[in-house]
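The values are calculated or read from the model by the stated rules, or taken from the named source; none is laboratory data. As the structure is a prediction and not an experimental result, all values here were calculated from the model. Note that each Cβ is placed from the backbone with ideal geometry, even for glycine, and that neighbours are counted across all protein chains shown. Each accessible area value is taken on the protein alone, full model and side chains, heavy atoms only, with ligands, DNA and RNA left out. Shrake-Rupley method; radii C 1.70, N 1.55, O 1.52, S 1.80 Å.
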Amino acid sequence: MGARGGSNVLNPMGCSSKPFVLTIQPSGDRGSVSGWLESTPTLSFEDLLPRFDPTPVETDLALWWSIGTIGEDGTQPHVYFYGQNSVTRVAVAEGARDFSQIDRSDLVFGDWETRPVFPGEIVVFENVKSGLMLALRLDAVYDSSPNGDDSGLCAGIDASWTFSF
């Protein structure tokens, strides 16, 4: 996958998740991503089609995340999610652990970032121009650095999503 500092856009820090595999599996209005590194570009959706995009189009639903902690020193692993552009808002679906539990009327959207999100929790992204809404469940947070050194940019997540909720 390219050396540290190499030109690999999906793994720019040379992280390894033993072995490094990034998969994105769309299936109609649902899908999943695994091996999504913090240093990987923005995940964008044009309609229901996902792609990793270093320069997302301003009209696409676009999101990214950053590590809070991978859970070292007995802390609970968590991340922060962000809308990447001015048309993407974000909200945590408080109390929902399954997509069927999301109550749209309870969502409180912000323009920038979420509170810490823990594995099993769901975040909802909305494109304010198109009205497209995506629910994403954080399934796992882990360290994928080559030496287990918690360098932050080698943190990885697995997540599932749906547009139907």
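Before moving on, here are some points about what is shown:
- A 1.4 Å probe run over the protein chains yields, for segment 49-156, 47 Å² of accessible area per residue, whole-number rounding.
- Loop trypsin sites (Lys or Arg not before Pro), segment 91-136, which have at most 14 other Cβ atoms in a 10 Å radius of their Cβ (DSSP): Arg97, Lys129
- Of the accessible area of segment 41-165, computed with a 1.4 Å probe over protein heavy atoms only, carbon and sulfur atoms account for 49 percent.
- Stretch gain in nm, segment Arg30-Thr59, where the contour uses 0.36 nm per residue and the Cα spacing is subtracted: 8.4 nm
- Accessible-area order (highest first, 1.4 angstrom probe) of the listed residues Glu46, Glu94: Glu94, Glu46
- Gain in span if fully extended, Leu22 to Ala140, counting 0.36 nm per residue against the direct Cα distance: 41.1 nm
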